[in-house]
1. Among Ser268, Tyr69, Val189, flag the residue with its Cα farthest along the positive direction of the charge dipole of the chain, charges on Cβ as +1 for Lys/Arg and -1 for Asp/Glu.
2. Give me Ser274, Ser79, Ser168 ranked fewest to most by other Cβ atoms within 10 Å of their Cβ, as a rough exposure proxy.
3. In the chain, which whole DSSP H runs stretch at least 15 Å along their own axis (Cα) and average -0.5 or higher on the Kyte-Doolittle scale?
4. Neighbour counts of other C-beta atoms within 10 Å: give me Tyr61, Tyr208 arranged from fewest to most.
5. Order of Lys116, Lys50, Lys270 from fewest to most other C-beta atoms within 10 Å?
6. For region 95-129 and region 147-191, write down the distance between their C-alpha centroids in whole Å.
7. With the Cα gyration tensor of the chain in hand, give its eigenvalues times 5 under a square root as the equivalent ellipsoid semi-axes, listed largest first in whole angstrom.
8. Post the alpha-carbon centroid distance, region 51-75 to region 296-344, in whole angstrom.
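Where a number appears in this text, it was derived from the coordinates with a stated rule and is not lab data. Nothing here was measured: the structure is a model prediction, and the numbers come from that model. Don't worry about glycine lacking a Cβ; one is built from the backbone with ideal geometry, like all the others, and counts go over all protein chains shown.
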Amino acid sequence: MTDTITARTVTIGSRDGTDIEAYLATADDAGRRGGVVVIHHMPGYDRSTKEITRRFAELGYDAICPNLYWRQAPGAEPSDAAAAVRAQGGVDDSQLLDDVAGAAAYLRGQEWSNGKVGVIGYCSGGRQSVLAACHLDLDAAVDCYGALVVGTPPPESNRPNLVTDLPSLGCPLLGLFGNEDRSPTPALVDELDQRLDDLGKPHEFHRYDGAGHGFFSPTGRPTACRRPTTAGSGSKPSTALTSADHPRPARGLAMCTYNTVITELNGSAKGPSSKWFHVDHATVYYDHPVHAMAGHALNIDIADPSAGPGQRVALELTAESARALVQAIEDALAAVPPEIIAAG
C-alpha cells in the first residue's frame, strides 16, 4: 500500500500500430513492481473505471486502462463514446487483443517493471479478460462476472463464446461472480469451472450470495452482500465473510447491460445542435443511467453518425415510464384511420 500515486492520461501504441488514449496510474514508491491492465465495462472509459485503476496503484502496482473506444470516438464524453460503439455492435475481439497487448507492452517497458503483467475486466471486460489470457503473454487474469465465456450466445449477439479459446488459457484465472447474476448465471459459472478442471487450467472462483451483476463496480448500487462461496473443485476454499467483515463496497442485483437491441427507423430527429437529421436506427438497452436518478433505466440512443458521437438524442427512462411511452405510441397509432397510415 502506498500513500502517493501519480495518475495521468497517456498515449500508447496498440499492437496494430494505432496510437490510442489510456489512463495510467503508478505507485510513487521506489522498487520494481508488477502491472495491471484494466479493461473497462461497456459504459466505457469513465470516472469509475479510472477510480479502479488508481486503486491498483494505491496497492503498489502500476495500472493502465486503455480507452477501447478511442478509434470510434476520440475525445468524446464517455457516455457518447459508449453509445457510438454500442450502435456498431461493440468492440471487435481482434481490436481488444491489440489494445490489451499494447497496454501490457507499455507497462513492461517502464524502468521499474518486474516484467509481470496481469489483466482484470468487468462485465463485458470480464469476457475480454479471459479472451486476452487465452491469446496474450500475461501472468494472471481476473474475470469479474463476464458473460458469454461459455454458454450459447443470444441470437442478437455478434460475439462467440470462448469455449474453443479456453484450451489456450496461458495463466491462472481468478473469477468473481454473484449468485443472483443472470448473465452469467450460476449454472454457466459451473460450466466454466468444469471446463477449466477438465483442461487442467489453474483457476480460483469465488461466488457471493445476494450479489447480482456489477457488484464489484463503483457504479453499482449498495446493498447487502452475503458470504462468498466457492465454485467447485477448481477453486480453493475461501473464508466466509459477511458484509460487516468485508469492507469493500458490496453491490447486489446491479445488472449493467442486459441486452442491446438495434432497430431500424425511418424518420427525423433534432439533435443538440438544433438541426434536424435523418434517423435510420435506434440503439435500445437497459443499463445504469448517466443522468436519470434511478438504479437502472431503459436507454434509447438516436445518433447522427455524420456529426460525431456527441450529436445524439438520448433518453433514460424508468421501466414503468418506458412501458407508458410504448402504450402511448400504440394508442396514438390506433386512433389514426388505417388509410392515412397506409398513405404514409
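1. Of Ser268, Tyr69, Val189, it is Val189.
2. Values: Ser274 6, Ser79 21, Ser168 12.
Lowest to highest Cβ neighbour count: Ser274, Ser168, Ser79.
3. Numbers: long enough: 47-58 (16 Å, -1.46); 93-108 (22 Å, 0.11); 124-135 (17 Å, 0.04); 186-199 (20 Å, -0.42); 319-334 (22 Å, 0.49).
Helices passing the filter in the chain: 93-108, 124-135, 186-199, 319-334.
4. Working: Tyr61 21, Tyr208 27.
Going from least to most buried by this count: Tyr61, Tyr208.
5. Details: Lys116 17, Lys50 20, Lys270 11.
Lowest to highest Cβ neighbour count: Lys270, Lys116, Lys50.
6. Cα centres, region 95-129 to region 147-191: 20 Å.
7. Details: eigenvalues 268, 119, 73 Å².
Ellipsoid semi-axes (Å, largest first): 37, 24, 19.
8. A separation of 35 Å, based on Cα centres.
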